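To start, the structure under review is shown below, and the notes come after it.
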Amino acid sequence: MESLEIGIVTTCIGVGTVFGVLAVLTIVIWLLNKAMDSTVFLGEKNEEVSKQTAEIGAAKKANEEITPTIVAAIMAAVATTTGIPAEELKFLAIRRTDAKLPVWAAAGLNEIIAERQRHTGGGVR
């Protein structure tokens, strides 16, 4: 009977400790979130700086040219992917897109979606 009492007391102490530590962690995380919220949003001055930074970034993008090194890298990637020798390739135009996702990322995403649809029978289970 004595070992049963020791087991129950040990279990209660363990469970109490775990929930106590969880409560302390919850309070610490809550306080950190409050501190971060007050430092992140500084008001209109921060918004003006971000607008100016965006304008500078847009101006840099507009002035960027595609260098011969970039063209060579693109040709090498296309030649490697398609198996066509680089000497047989002729690019008529290379231009940047304003897409939010790069083309390769969108293709990978579409491939993942198609694979999941095949496994789930077109989304219907």
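The values are calculated or read from the model by the stated rules, or taken from the named source; none is laboratory data. Fair warning: this is a prediction, and the values are worked out from it, not measured in the lab. When we count neighbours, we look across all protein chains shown, and the Cβ atoms used for this are built from the backbone with ideal geometry, even at glycine.
Kindly indicate whether any position in segment 116-123 is more than 29 Å from the chain's Cα centre (by Cα) and outside any loop (DSSP other than H, G, I, E, B). Working first, answer last.
Restricting attention to segment 116-123, the residues satisfying the condition of being more than 29 Å from the chain's Cα centre (by Cα) are none.
Scanning segment 116-123 turns up no residue that is more than 29 Å from the chain's Cα centre (by Cα) and outside any loop (DSSP other than H, G, I, E, B).
The set of residues from segment 67-115 being charged (D, E, K, R), in a helix (DSSP H, G or I) and surrounded by fewer than 10 Cβ atoms within 10 Å (Cβ to Cβ) comprises 87, 88.
Condition check for residue 58 on (1) under 30 Å from residue 95 (Cα atoms); (2) modelled with pLDDT of 65 or more; (3) part of a helix (DSSP H, G or I): one failure, at (2).
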